[in-house]
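The values are calculated or read from the model by the stated rules, or taken from the named source; none is laboratory data. Computed from a prediction, not measured in an experiment: that's the story for all the values here. In this analysis, Cβ positions are derived from the backbone assuming ideal geometry, glycine residues included, and neighbour counts consider all displayed protein chains. Heavy atoms of the whole protein, side chains included, go into the accessibility calculation; ligands, DNA and RNA do not. Shrake-Rupley method; radii C 1.70, N 1.55, O 1.52, S 1.80 Å.
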Amino acid sequence: MGTREDLLEAAKQCLAERGYARTTVRDIVAASGTNLAAINYHFGTRDKLLQQAMLESSASAVTQILDALPASDPADPTARLEAFWHSLITSFVENAPLWHANAECLNQALHSPELRTELAHAQGRARAGLTEAFGNGDSNVGAILQTMIGGLLLQWLIDPDNAPTAPELTAGARAMIRA
């Protein structure tokens, strides 16, 4: 790996260990074995480096989930959706530091137009990916799933003992369709 990649990997590690707000340039430099000038050279600022690391980490986690999904079953069209919810919730639990840092990054976007723009583009890509995975070309499906994912993440971060399970989400979607 080159210096840029070393910095990104170190930033991802620091995000997972310390979170967005508590990760310092010194932490990243120590974890990467590089120097402070390298951050400025490759990314300009600590925030730009952390933003890139956060976007890559989140995209990678969701891509792994989508790639591992079973094929659609015409006999039970919601089985694939339930597998998705289960995998996503498992990721929230097993990769909790990543998702905590993700929520912190969203808060940072409130104060950074540049980060807000980057996240908006990432959300667009996510919506397109969800549409492709579940929507059969209907972008409304990607939009509703993306909205549900955001709410589900917050519930799992704040109160995991009472957050909805995969079967509950699937049953709720079925009930909504019937209503």
field: Radius 15 Å from Cβ of F43, net charge of other residues (Lys, Arg +1; Asp, Glu -1)
entry: -4
message: At 1.4 Å probe size, with the rest of the protein present, what percent of the exposed accessible area of the chain is carbon and sulfur atoms?
response: 54
message: Keeping every protein chain present and rolling a 1.4 Å probe, give me the accessible area per residue for region 7-157 in Å².
response: 53
message: As an exercise, use a Förster radius of 22 Å and the Cβ-Cβ distance of E5 and L36 to find the FRET efficiency, rounded to the nearest 0.05.
response: 0.80
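Report the semi-axes of the equivalent ellipsoid for the chain in whole Å, largest first, where each axis is √(5λ) for an eigenvalue λ of the Cα gyration tensor.
Computed over the chain, the values are 34, 16, 15 Å.
Provide the FRET efficiency to the nearest 0.05 for the I158-R18 pair, computing r from the beta carbons and using R0 = 30 Å. Walk me through the numbers on the way to the answer.
On the way: r = 20 Å, r/R0 = 0.67.
Efficiency for this residue pair is about 0.90.
Mean Kyte-Doolittle of at least -1.0 plus a Cα span of 30 Å or more along the axis: flag which DSSP H helices in the chain meet both, please.
Qualifying helices: 46-67.
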